[in-house]
Amino acid sequence: MYKKRILVVEDEMIIAKDIKDVLEKLGYEVIEIITSGENAVKTAILTKPDLILMDIMLSKKMTGVEAAGKIRKEMDVPLTYITAYADDNTIEKAISTNPYGYLVKPFEEKEIKVALELAFYKFSMESKLRKSEEKYRTIFENIQDVYIETDLEGKILEISPSIENFTFFKRKKLINTFIQELLTDKKEFRVLKEIILTKNQLFGYEISFKNGRDQEISCSINCKINRDAFRKTKRIVYSMRNITNQKRMEKRILRAERLAGVGQLAAGIAHEIRNPLGNISASIQFCISKYKPDENIKKYLEIVLRNSENANKIIKELLEFATPREINRERKNVINILENTINMVQARCSKAEVEIIRKYSDKIPDISLDEKWIEQSFLNFILNAIEAMPVGGSITIEAKCDKENVLISFQDTGIGISGENLTKIFDPFFTTKAEGTGLGLSLVYQIIIAHEGNIEIESKIGRGTKVKITLPLNQSILHRSYDEYDPDCGR
Ligand code: ADP
Ligand code: MG
């Protein structure tokens, strides 16, 4: 069996020999008897004992306490002091070296046994605790999810550094602030607290957090009440996961599915409706020219004609939206396309008293795109912006690029879009305009996605709307048609 190795540091030889005999009788191995503090430090480092029995008062230069302090700095070893008498000051210094016990001279065999076994036990428990603390610290510092602890009022007592992965908040600055301040809707905390106080725990609760720069992140949190056994207080512990990307992806898939469904349906009925509509128009026109009806009848016939033409316009747009089409890409510069589009709407802008402000960066490389469809998208954004500014305003068009994308934005000073409508504007047929078809943005959405780009719209009621598009500098799949498009953008 392994014998625990003990280093004895004692300058009174008779006592030292006595201790050695007792220790060996008890089944320990005595490595050496050392009589000075200096030697104790050297030997301990060299022999790595399982325990050191150290006399507090050594007669030479270095005291036992000093020697223990030096050894502790170098290695992790349990240490038990032997003492006959010591003043308060020495005891205080001894305590600061974190000893594992004291043996007061003279002592008996049993006392040594108990003191040493207690020291070994305490040391092994401490090592276990240290290891487990290290393990949890590593997990805490490296988890991707965010761990949070608050009191029942929401004060943050602990938060893991992972909060810095997807927000601009610094962990240290968040401690002692209130979790309510991080929530998009402060009142959510009360709702959440009520649920956990009644159910004790909560899984997969979706909640919106701020990121520190005016953006929101969707998070899923699990939380639980923890009771602090000492202070008898309750805490809420949370594990929070950023699900913004997942939500965005789900929305895309849903939208793509909805668009595909509507597209098929629309294509199916559009042809059927076009024929009767054509007949209506032709018959009315024939009627008017052949029978020269009096003004009153003519007025009503013209209303029928105008409405059937309107219906025809909608059907035409619908077919355009629903028919799968080829994307024919060529390398083009978006600035040229923007300028062509602006030319087309110049007259309308002047009439509506809308000013176009250009902010182009001069280093935008050509990218591979379908000029006609991208132009159609830009046209839709500008027309929507003009229509959102009934008393005039401005559209700021910005184009720039980063390492991966060309970024184009259209910012108007119009009426804005409510939060509720913002979730629907890409839905086919969603319109807030009396004359609108609600197909513009759903068509644009398909065009941008087919170019492996992305589109985001930010808006504030009464302040205006910003449409942001990204188009990748390098597309992975060339010449893809609409019906082949992948809603996940191949990502
Ligand atoms: P339509 O223009 O035929 O209504 P769109 O798909 O182009 O269809 O737009 C859908 C809806 O989105 C519009 O009816 C309008 O409510 C809203 N919208 C789009 N762009 C803007 C904008 N720049 N400002 C305000 N609302 C907008
Ligand atoms: Mg429109």
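Some points to look at:
- DSSP bridge orientation in the chain - percent antiparallel, rounded to nearest 5: 70 percent
- Convex hull volume per residue for region 143-242, taking Cα atoms only, in Å³: 92 Å³
- Where trypsin sites (Lys or Arg not before Pro) fall in DSSP loop in region 387-481, at most 15 other Cβ within 10 Å: Lys403, Lys424, Lys433, Arg463
- Whole-Å distance, taken between Cα centres, linking region 431-451 and region 312-374: 14 Å
- When you restrict to C-alpha pairs under 8 Å that are six or more residues apart and normalise by the size of the chain, the relative contact order lands at 8 percent.
- A Cβ-based charge dipole, computed about the Cα centre of region 326-485 with Lys and Arg at +1 and Asp and Glu at -1, lands at about 380 debye.
- Least to most buried among Thr184, Thr341 (fewest other Cβ within 10 Å first): Thr184, Thr341
- Gain on full extension, evaluated as 0.36 nm per residue between Ser127 and Lys299 minus their Cα-Cα distance, stands at 52.2 nm.
- Long pairs among Lys61/Lys110; Lys210/Lys460; Lys17/Lys60, criterion Cα-Cα beyond 27 Å: Lys61/Lys110
- Taking Cβ atoms as reference points and 10 Å as the exclusive limit, the residues near Asn474 contribute a net charge of -2, counting Lys and Arg as +1 and Asp and Glu as -1.
- Helix-only CD estimate at 222 nm, as mean residue ellipticity for the chain, using -39500 (n - 2.57) per DSSP H run (n ≥ 4): -15000 deg cm²/dmol
- Among the chymotrypsin sites (Phe, Trp or Tyr not before Pro) in region 178-209, none sits in a DSSP loop with a Cβ that has at most 12 other Cβ atoms within 10 Å.
- Stretch gain in nm, segment Lys110-Glu153, where the contour uses 0.36 nm per residue and the Cα spacing is subtracted: 10.1 nm
- Each Lys and Arg adds +1 at its Cβ and each Asp and Glu adds -1 at its Cβ; summed about the Cα centre, region 5-140 shows a dipole of about 620 debye.
- Exceedance of the 24 Å cut-off in Cα-Cα distance is limited, within the set Lys3/Lys113; Lys193/Lys232; Lys193/Lys251; Lys332/Lys403, to Lys193/Lys251.
- Footprinting exposure proxy ranking of Lys25, Lys20, fewest other C-beta atoms within 10 angstrom first, gives Lys25, Lys20.
- Taking a straight Cα-Cα cut-off under 23 Å and skipping sequence neighbours fewer than 8 places away in the same chain, the lysines within cross-link reach of Lys299 are Lys290, Lys313.
- Computed over neighbours whose Cβ is under 12 Å from that of Ile397, the net charge equals +1, Lys and Arg +1, Asp and Glu -1.
- Loop-located GluC sites (Glu not before Pro) across region 140-210 with a Cβ neighbour count of 14 or fewer within 10 Å are Glu153, with loop assigned by DSSP.
- Ordering Ser160, Ser283 by the number of other Cβ atoms within 10 Å of each residue's own Cβ, fewest first, gives Ser283, Ser160.
- At R0 = 45 Å, FRET efficiency that the Cβ-Cβ distance of Leu473 and Ser36 yields, to 0.05: 0.05
The numbers here are math on the coordinates, done by the rules we state, and not lab data. Since the structure is predicted, the reported quantities are computational estimates derived from the model, not experimental observations. Neighbour counts are summed over all protein chains in view; Cβ atoms, including those assigned to glycine, are modelled from backbone coordinates with ideal geometry.
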